[in-house]
Amino acid sequence: MILSTPTNPIDIIREKYSALSTAERRVADYVLEHAAEVAPAPISETADQAEVSEATVVRFCRTLGYRGYLEFKFGLTYYLNDPTRVVHDEIQQNDTIGGIARKTILSGISALQHTLDILDEDALTQAVNTIDQARQTLLVGVGTSTPFVNDLYNKLLRLELNCTPVTDPYLQLMRIALVDERDVVVAMSHTGASVDPVNALRRAKEKGARTIAITGSAYSPLTNHADIVLLYGARETRLEAVIARLALLAINDVLYMALAMRHLDRTNLNERRIWELVLDKVVDA
């Protein structure tokens with residue numbers, strides 16, 4: 001996903017400035033004057049400050065040769081010569097353990113607030129309806145998304161919904177070969193550019209299944225193949241974001257809670273049955 005060798009994005013902007021569109025030049029001008037502010041900023045903030053659309057920011061990044069906004073920010077971070085930002089945007093090398101804890105936790109709170117601010121209630125309602133009515137739900141993701149796929153599976157299983165986590169790319173294609181319009185495929189990818197989830201969602205849509213993307217990037221290949229997009233957000237430079245994962249877990253929780261409230265009697269019964277069996281096992285041990 002990232003550039004093989006970090007490249008100075010400021011030099012690239014200056015080199016290609018004449019080839020940029022008028023709107024893209026607004027982005028370029030803002031970045032040249034506020035590079036340090038752009039590095040940790042979400043795409044929505046950069047677009048607002050440059051007075052352009054988020055799609056224009058993405059086109060600007062691709063014109064420069066980057067595959068998207070996150071990759072551009074990663075290159076910008078290297079240019080700014082702040083190695084701590086590769087780990088975390090706010091933490092400094094000389095911070096105390098307490099300072100690290102405070103900044104990490106506050107970043108998590110900020111990510112959750114940003115996710116709440118951008119959460120599309122209509123899209124969330126559509127997602128809940130689609131999963132609730134589906135014959136089966138396939139949950140797909142790879143790499144660092146795997147734990148979050150399994151987390152959502154754990155939640156939906158408690159509701160007796162027919163769902164399956166599939167984190168192996170070949171098994172994803174095998175399962176998707178058998179879906180139709182009665183099914184839904186949910187794909188998770190923070191960047192929205194991971195090849196396997198994108199391919200899985202594209203194939204599922206071709207088969208007629210309903211498709212849902214859960215991602216941190218509104219303008220990404222994954223969203224191009226999604227009927228419904230659930231976005232989460234955080235101010236992070238890292239491509240493999242750490243704090244934003246808390247927001248992804250929050251999306252999983254919201255889906256579970258909304259579905260559980262629709263089937264409250266069944267949810268209570270199932271939770272009681274599950275915990276009775278779990279507690280019996282603890283006692284037996």
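List of remarks:
- 18 Å Cα-Cα reach of Lys73 towards lysines, excluding residues that sit fewer than 8 places from it in its own chain: Lys16
- Gyration tensor verdict on segment 98-144 (Cα atoms; rounded if a/c is under 1.5, prolate if a/b is larger than b/c, oblate otherwise): oblate
- Per-residue HN-Hα couplings for segment 95-107 [Karplus 6.51, -1.76, 1.60; θ = phi - 60°; Hz; x = Gly/Pro]: 5, 6, 4, x, x, 4, 4, 4, 5, 5, 5, 5, 5
- Centre-to-centre separation between the Cα atoms of segment 118-187 and those of segment 253-268: 16 Å.
- Net +/- balance of residues flanking Thr125 in space, Cβ distance below 12 Å, scoring K and R +1, D and E -1: -3
- The listed peptides 96-102, 170-176, 136-142, 13-19, ordered by packing as a protection proxy, come out as 136-142, 170-176, 13-19, 96-102 (highest mean of other Cβ atoms within 10 Å first).
- Within straight-line cross-link reach of Lys155, lysines at Cα separation under 24 Å, skipping those fewer than 8 residues along the same chain: Lys281
- Using 0.36 nm per residue and subtracting the Cα-Cα separation, the extra length available between Ile97 and Arg182 on full extension is 25.5 nm.
- Taking a ≥ b ≥ c as the square roots of the eigenvalues of the Cα gyration tensor, segment 27-77 is rounded, since a/c falls below 1.5.
- Here's the list of aspartates and glutamates a cross-link from Lys103 could span, going by alpha-carbon distance under 14 Å and ignoring same-chain residues fewer than 8 apart: Asp89, Glu90, Asp95, Glu236.
- Translational diffusion coefficient of the chain (Stokes-Einstein, Kirkwood radius from Cα pairs, 25 °C, 0.890 mPa s): 120 µm²/s.
- If R0 is 41 Å, the Cβ-Cβ spacing of Arg62 and Asn154 corresponds to a FRET efficiency of close to 0.65.
- Most tightly packed first, judged by the mean number of other beta-carbon atoms within 10 Å of their residues, the peptides 257-267, 194-204 read 194-204, 257-267.
- Taking the chain and dividing mean pair separation by its residue count, relative contact order in percent (alpha carbons under 8 Å, at least six apart): 20 percent
- Placing +1 on each Lys and Arg Cβ and -1 on each Asp and Glu Cβ, with no other charges, gives the chain a dipole about its Cα centre of roughly 580 debye.
- Taking 0.36 nm per residue of sequence separation and removing the Cα-Cα distance, the Asp48/Asn268 pair yields an extension gain of 74.7 nm.
- Cα-based Rg of segment 98-249 normalised by 2.2 N^0.38 Å, two decimals: 1.03
- Theoretical ellipticity at 222 nm over the chain - DSSP helices of four or more residues, -39500 (n - 2.57) apiece, nearest 500: -17500 deg cm²/dmol
- Exposure proxy for Glu45, Glu276: other Cβ atoms within 10 Å of each Cβ, ordered fewest to most, give Glu276, Glu45.
- Potential lengthening of the chain between Met257 and Asn224 amounts to 9.1 nm, from the contour at 0.36 nm per residue minus the alpha-carbon distance.
FYI, it's all coordinate maths here, none of it is from the lab. Every value quoted in this text rests on a predicted model; they were computed, and no experiment measured them. Neighbour counts are summed over all protein chains in view; Cβ atoms, including those assigned to glycine, are modelled from backbone coordinates with ideal geometry.
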